[in-house]
Amino acid sequence: MSVSEASIATFRDIHARFNAAISRFDCGKWCAPLNDGEPVCCSTKQAIPIVQRNEYKVLRQRTDMWHKFKPFDAASREVATDLHASCLAIECRGARHCERENRTLACRAFPFFPYFPRQGNFVGLAFYWTFADRCWVMSHLEVVKRDFVAEFCQAYELLFADDADERQAFREQSAAMRRVYTRWKKPIPVIGREGGYLSVVPGTGELRAAKVSEFERHGPYVSAEAYREAVAAHQAAAAEEMTIELVLDP
Ligand code: SF4
Ligand code: SF4
């Protein structure tokens, strides 16, 4: 996470230029049925938005949909407190009240971050792999639109021009992903910023051209049948929980 901070003007510029939808589908319709009806990336039980304080100032000038995050358990307390002084954990009013123009950069970019190879500038978009079992998009990179990719790259170039620590943070994030995928002996899928797809060879970190059909699918998104089964199992578990609650609290 950044030690320095991008300016208010930079965040205004980023928000003005990065508005493209990730795909022509409403991807939340796929992940929400497995997350009690809420899109995974819009639920602080799953992901707590972290912003620079200047981005929070910009958002608070425009809307009241954001507030400081209140931790609800030990893990969320650790996330909210283990931050540099320039950063803040925040929470919105939820997906039903989302104002698209007032989303954070992190909301606009999710589930992707700028991928840096060992040498050179960022070459494309890699995903936050710890969400791969919950985020439908990560199993369907073919749906990601090119205008989203272009605006994503432009937004992060604006951020890096103003805050070199952010560039370094994503270099480190990319290196961490290489270590994990090398351990798994799996290639990292990357959406190329200049078009097409790339894969990062485990071990060497070499970049190769790839076809999107080569990329792995994950968890309940490996097939239509697996997805139907996962939704049915989730609904059955939710119904059982509700019955227990009714019995305990008649
Ligand atoms: S980006 Fe992923 S987690 Fe967020 S709504 Fe779309 S499918 Fe769900
Ligand atoms: S602002 Fe919108 S996209 Fe961002 S977390 Fe809230 S509901 Fe999700």
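General remarks:
A quick yes/no check of all residues on (1) out of contact with any strand residue (DSSP E or B) (no Cβ under 9 Å at 6 or more places or on another chain); (2) in contact (Cβ under 8 Å) with a residue 40 or more places away in the chain:
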{"residue": "Gly195", "(1), (2)": "yes, yes"}
{"residue": "Ser199", "(1), (2)": "no, no"}
{"residue": "Pro202", "(1), (2)": "no, no"}
{"residue": "Ala209", "(1), (2)": "no, no"}
{"residue": "Arg217", "(1), (2)": "yes, yes"}
{"residue": "Ser223", "(1), (2)": "yes, no"}
{"residue": "Val231", "(1), (2)": "yes, yes"}
{"residue": "Ala238", "(1), (2)": "yes, yes"}
{"residue": "Met242", "(1), (2)": "yes, no"}
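- Number of residues in the range 52-98 that are among the polar types (S, T, N, Q), farther than 22 Å from Ala9 by Cβ and open to solvent by 50 Å² or more (accessible area, probe 1.4 Å): the value is 1.
- Where helices (runs of 4 or more DSSP H) sit wholly within the range 103-204, those with at least 1 residues that are more than 16 Å from ligand 1 (Cβ to nearest atom) and on the phi < 0 side of the Ramachandran plot occupy 146-162, 164-184.
- Qualifying positions in the range 128-143 - in contact (Cβ under 8 Å) with a residue 24 or more places away in the chain and within 16 Å of ligand 2 (Cβ to nearest atom): Phe131, Arg134, Cys135, Trp136, Val137
- Answer from Arg100, Arg108 - the residue that is of a type in the set (Lys, Arg) and under 15 Å from the mean Cα position of the chain (by Cα): Arg108
- Within the range 39-86, the set of residues being at pLDDT below 95, outside any loop (DSSP other than H, G, I, E, B) and under 18 Å from Phe131 (Cβ atoms) comprises Ile50, Ala75, Ser76, Val79.
- In the set Glu214, Glu240, only one residue is modelled with pLDDT of 95 or more and more than 28 Å from His15 (Cβ to Cβ); that residue is Glu214.
- Restricted to the range 39-51, and to residues there that are more than 17 Å from Ser86 (Cα to Cα) and crowded, with 17+ Cβ neighbours inside 10 Å, the residue that is nearest to ligand 2 (Cβ to nearest atom) is Cys42.
- Residues of the range 99-127 classified as surrounded by fewer than 21 Cβ atoms within 10 Å (Cβ to Cβ), away from ligand 2 (no atom under 16 Å from the Cβ) and of a type outside the set (A, V, I, L, M, F, W, C), total: 5
The values are calculated or read from the model by the stated rules, or taken from the named source; none is laboratory data. Owing to the predicted nature of the structure, the values given are computational and were not obtained by experimental measurement. Every residue, glycine among them, receives a Cβ derived from its backbone with ideal geometry; neighbour counts consider all protein chains shown. For the accessible areas, the whole protein counts, side chains as well, though only heavy atoms, and no ligand, DNA or RNA atoms are used. Shrake-Rupley method; radii C 1.70, N 1.55, O 1.52, S 1.80 Å.
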